[in-house]
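Just so it is clear, none of the values below were taken in a lab; they were calculated from the coordinates. Because the structure is predicted, anything quoted here is derived from the model rather than measured. Here Cβ is always computed from backbone atoms with ideal geometry, including for glycine, and neighbour counts include all displayed protein chains.
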Amino acid sequence: MILNLGYEAVFSKLNTNFGFRPKYGIHDVILNLQAHAKSMHYVIEADIKRTFDNVDFEIFINILRKKIKNEL
């Protein structure tokens, strides 16, 4: 929830990220694809269940520090 406060403005400007955002769901993804993918020839579906298992969290935290200045 705290990250939403800092990054919602970025996501809403791009209007491309619908995962885990308040008030957005799969129907928004479908509507966005219908509106912007007129020339799309294919779609790739992937299972990303384990994608974030090997994230270097030190790099991730450093990226967050650039946006969020409040250290605990």
Does segment 24-31 contain at least one residue that is closer than 26 Å to LYS67 by Cα, touching a residue at least 12 places away in the same chain (Cβ under 8 Å) and either touching a strand residue (DSSP E or B) at 6+ places or on another chain (Cβ under 8 Å) or not in a helix (DSSP H, G or I) (or both)? no
Scanning segment 7-21 for residues that are polar (S, T, N, Q) and in contact with a helix residue (DSSP H, G or I) (Cβ under 6 Å, 6 or more places away or on another chain) gives ASN17
Members of segment 22-72 found to be closer than 17 Å to GLU8 by Cβ, surrounded by 10 or more Cβ atoms within 10 Å (Cβ to Cβ) and of a type in the set (Lys, Arg), listed by number: LYS67
Restrict the check to segment 3-20 and report whether at least one residue is of a type outside the set (Ser, Thr, Tyr), surrounded by 10 or more Cβ atoms within 10 Å (Cβ to Cβ) and touching a Pro at 6+ places or on another chain (Cβ under 9 Å). yes
